[in-house]
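Inspection log for the structure reproduced underneath, given as structure tokens.
The values are calculated or read from the model by the stated rules, or taken from the named source; none is laboratory data. This is a predicted model, so every value here is computed, not measured. FYI the Cβ positions are ideal-geometry reconstructions off the backbone, even for glycines, and counts take in every protein chain you see. Note: accessible area is taken over every heavy atom of the protein model, side chains too, but ligands, DNA and RNA are not part of it. Shrake-Rupley method; radii C 1.70, N 1.55, O 1.52, S 1.80 Å.
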Amino acid sequence: MTIQDKITDTRHRPHLLVGVAIAAIAATIGFVHTMDPGTQAALLVEGGPVQSLTVVVYAVCIALILVSWSPATLRSRWNIPAVLLVFIFIELDLDKSYFTVGLLKSRQYIGDQVALPERALSFVLIGLIVALVLSILIREARGFLSELRDLNPSALAALTGIALIFVSEASDGIGRKLEGLGIVLPRQMENSAYIVEEVVELGIPVMFAVAIVTSTASAIVKPD
């Protein structure tokens, strides 16, 4: 292999890392499906190994940002680690345990189940989260779309992580959601959806970590 070939190969490594991460998430879903129900339940239970690891990986994402970003970048893009911190709170179920219904549940804001002071606080907190997300969209959207057009590995990893958020939300309680439409899922399909939901929730911060790592790698290794 010539020196030029080695340089080219190095440039492709970030894309390879994205592919490996996606394959690992898919393989993990398949592997958990092969386990007996008891082992699945022990792994995926609330507060169990998978959820705990998910929190750890989000924390790793924040640590990677603090280590790899310059102080100036941190000051201008503080909202990104802030959103990751919100994800940690949600993963720890703090959005549920400290609220009557749940900060992200519509019934927290309508009906008469929630006292007025708590409802007012909920509106303030959800408004802050929405403002945080909107600030990221406004600041990052143009550059992000440009990087996607260039097939930038960091953008591809981030997009995969965002897509997995929607997959997780779609899988969450899918049996209950479809029952409202008169569709009853077999127990096995509900269990599969539950496995997908829990493993994909772990996959989200994994892809965000890959996005951070490949962003740093792309900044170091640039085409001539």
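Data table
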read-out	value
Selected residue (criterion: farthest from Phe31 (Cα to Cα)) from residues of region 44-53 that are over 13 Å from the mean Cα position of the chain (by Cα) and either small (Gly, Ala, Ser) or open to solvent by less than 30 Å² (accessible area, probe 1.4 Å) (or both)	Gly47
Region 192-224, subset open to solvent by 60 Å² or more (accessible area, probe 1.4 Å) and part of a helix (DSSP H, G or I), residue modelled with the lowest pLDDT	Ile220
Filtered residues of region 23-61 (kept if in contact with a helix residue (DSSP H, G or I) (Cβ under 9 Å, 6 or more places away or on another chain) and not in a helix (DSSP H, G or I))	Met35, Val45, Gly48
Candidates Ala158, Ala120, filtered to the one that is open to solvent by less than 60 Å² (accessible area, probe 1.4 Å) and more than 22 Å from Val213 (Cβ to Cβ)	Ala120
Filter result for Ser171 (in contact (Cβ under 8 Å) with a residue 12 or more places away in the chain, open to solvent by less than 40 Å² (accessible area, probe 1.4 Å) and over 25 Å from Lys96 (Cβ atoms))	no
Hits in region 80-117 (condition: touching a helix residue (DSSP H, G or I) at 6+ places or on another chain (Cβ under 8 Å), free of Cβ contacts under 8 Å to residues at least 12 places away in the same chain and either surrounded by fewer than 15 Cβ atoms within 10 Å (Cβ to Cβ) or under 22 Å from Ala211 (Cβ atoms) (or both))	Phe89
Elements of type helices (runs of 4 or more DSSP H) contained in region 62-173, each with 3 or more residues being touching an Asp or Glu at 6+ places or on another chain (Cβ under 6 Å)	153-171
Selection status of Ser146, hydroxyl-bearing (Ser, Thr, Tyr), surrounded by fewer than 16 Cβ atoms within 10 Å (Cβ to Cβ) and on the phi < 0 side of the Ramachandran plot	yes
Residue in region 174-188 that is in a helix (DSSP H, G or I) and closer than 29 Å to Val213 by Cα present	no
Within region 54-76, tally of residues that are touching a residue at least 12 places away in the same chain (Cβ under 8 Å) and open to solvent by 60 Å² or more (accessible area, probe 1.4 Å)	2
